[in-house]
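Take a look at the structure below.
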Amino acid sequence: MDAPLPIEALAEIGVETDTRLYLDHARRHARRHGYDRWTLVDIDAHHVESISWKEIVDFIEDPVLRDQAKAYHAERVGAPPYGLVGDFGLRYQDCGGRIPHQADRRERVEPGPHRDVVLTRRAMEALAVAYMVVFPTSMLFLGMHPQPQMEVALGRAYNRWVEATLLAGDAGILALAYLPFNTPEEALRVVEESAAHPRVVGFTVTSTRYKPVHDRAYWRLYRAIEESGKPICFHAGYHWQDPSLATIPTFLGMHALGFVWCNMVHMTNWILEGIPERFPRLRSLWVESGLAWIPFLMQRLDDQFLMRPSEAPMLKRLPSEYMAERCWYSSQPMERGNPKALALTFEMIRAESQLLWSSDWPHFDFDTPGVIYDLPFLSEAAKRAILGGNAQRLFGLPDRRPPGPGGA
Amino acid sequence: MAEYRVAREGDLAEGEKRVFVAGGVEIGLFRLDGRFIAWRNACPHQGGPVCQGRIFRRVIAEAGETGRPAGRRYHERDVNIVCPWHGAEFDIRTGVHVGSGLLRLAPVATLLRDGAVHVAIADEVEHGDGA
């Protein structure tokens, strides 16, 4: 009989692979370069709240609606999550099984802490992340709900579940409270109720919606967020029913445009209607649109503003100056195809103070911290800032180590 | 240059792969056309464990004679290894990304000797992220 081969076998990766093995190369990269000893902040990761939806509907405050939701889940096997909108049948981001972590994560989780806490901690350990801001997934569509009261009820239930489950599960897990933005007074109530929570580090508007962000109905909301000292975040998304994107036949095309277009529209209104002048201490954070759109919009708005300043009389400076000084950006999915263009983008958006690395894990287009660390044009100080320091300042976070052996 | 015996010739059937660590380096070994082909388990896109992904036949589409789309189909011969991190697809025979020649897998030399597959790893290879 042959002697055993002197090699260690590595298994094929699938939906049942442990997150720490799946991301082992990222963990080794962090260890090899020593940035596992920095304080990294991932300002945009996700959990799949639809898996826990039966628990979340228990947090609906309206007793009648809560009972309807519970009855729905008790009696309709295989039905989509109660009350959520979105394209549950159109989600083939895993590209036909090519990207297993996008399809599902069926890895073993021992009884004990909530599954989403365990999975989040595993991702934090693998990515060497000390703090991970966790966003929902299916609820990114909730701004398209035809019934505004349902956005309020489900958004509030989700916020309460997040506080009781995710934020209570680990001091490094953070959230930005969901704002039911289609009902401004209810969005204001969320701010008033959750602004004091130390792990609610800001407030989220899901960008897939058709409400104008400059509507004066939001001014009390913006004032309250400004006074909270925490940022407002616009988290991008897509929607197959968006008429402007209806001709696109692939998720590739939809993702390329949809996740950018919504934030381009909101940013245009945010700047030209003078929100940064009306609320000078209000900090806005623009999430998951990548970076390439920002230089485009800066140039486009500046060009038009110089010819028609009477249409934007609130502005005291160029639109690009507000975008570079008063707005913060998450990095993922960072377009890396043209290094010169990327370097210029970093310069134009003042990345050393305004850019925050994000992973978007476990989605198909996630970025490891290595995408920032490996950039040849950044100093170590800039890398430290983008990978964590800028987020620590924006959210007021002390230094911390990632979870895992020797960590938090 | 160090050699490592990594498989018996009969261990891999046509179209199969194995991924392993030899000499501190992660390597994917594939058998195609009766030959053994080896690539470093490091995706040039973002460093993912590319060889631990799944194998798919290449998807192609060609315009018909009148310009009408002929629809998508699978290539009869070409097969790709797909990185499980982001879906980057590489031709197993060439190591080249199916959409851009700028992305290429790093090759590992293989040789058959005494019915066993060996890989040769350069002494100066960087034993980085396991890849």
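List of remarks:
- For the protein assembly as shown, the Kirkwood estimate of the hydrodynamic radius, built from every pair of different alpha carbons, is 25.0 Å.
- Loop-located GluC sites (Glu not before Pro) in segment A:18-89, at most 15 other Cβ atoms within 10 Å (DSSP): A:Glu61
- Inter-chain Cβ neighbour average for residues A:17-23, partner chain, 10 Å: 2
- Which of A:Asn159, A:Ile51, A:His197, positive extreme of dipole for segment A:22-395 (C-beta unit charges): A:His197
- Applying a 4.7 Å cutoff between beta carbons, the unpaired cysteines of chain B are B:Cys51.
- Longest segment of chain B lacking GluC sites (Glu not before Pro) that sit in a DSSP loop with at most 11 other Cβ atoms within 10 Å: B:66-123
- Euclidean distance of C-alpha centroids, segment A:190-214 and segment A:58-118, integer Å: 23 Å
- Each Lys and Arg Cβ is given +1 and each Asp and Glu Cβ -1; about its Cα centre, the protein assembly as shown then shows a dipole of about 480 debye.
- Computed over the Cα atoms of segment A:36-147, the ratio of the radius of gyration to the Kirkwood radius (Rg/Rh) comes to 1.00.
- Helical segments meeting 27 Å axial Cα length and Kyte-Doolittle 0.5 threshold in chain A (DSSP H): A:251-272
- Using Cβ point charges alone (K and R +1, D and E -1), the dipole size of segment B:15-67 about the Cα centre works out to roughly 240 debye.
- Put in line by how crowded their Cβ is, counting other Cβ atoms within 10 Å and starting with the fewest, A:Phe296, A:Phe395, A:Phe366 read A:Phe296, A:Phe395, A:Phe366.
- In this simple spin-label model, placing a label point 7 Å from the Cα along the Cα-to-Cβ direction at both A:Arg220 and A:Ser353 gives a separation of 3.4 nm.
- Using the alpha carbons alone, the radius of gyration of segment B:2-121 stands to its Kirkwood radius in an Rg to Rh ratio of 1.04.
- Under the Debye formula (equal points on every Cα, no solvent term), log10 I(q)/I(0) of segment A:193-303 at q = 0.15, 0.18, 0.24 Å⁻¹: -0.71, -0.96, -1.38
- For segment A:289-303 versus segment A:313-330, the spacing of their alpha-carbon centroids is 11 Å.
- Loop-located trypsin sites (Lys or Arg not before Pro) across segment A:87-170 with a Cβ neighbour count of 15 or fewer within 10 Å are A:Arg91, A:Arg106, A:Arg108, with loop assigned by DSSP.
- For segment A:142-246, the list of chymotrypsin sites (Phe, Trp or Tyr not before Pro) that fall in a loop by DSSP and count at most 15 other C-beta atoms within 10 angstrom reads A:Tyr210, A:Trp240.
- Centre-to-centre, using Cα atoms only, segment B:30-64 and segment A:338-359 are separated by 32 Å.
Values in this text are rule-based calculations from the coordinates and carry no lab data. Being a predicted model, the structure only gives us computed values, none of them experimental. Note: ideal-geometry Cβ built from the backbone for every residue, glycine included; neighbour counts use all protein chains shown.
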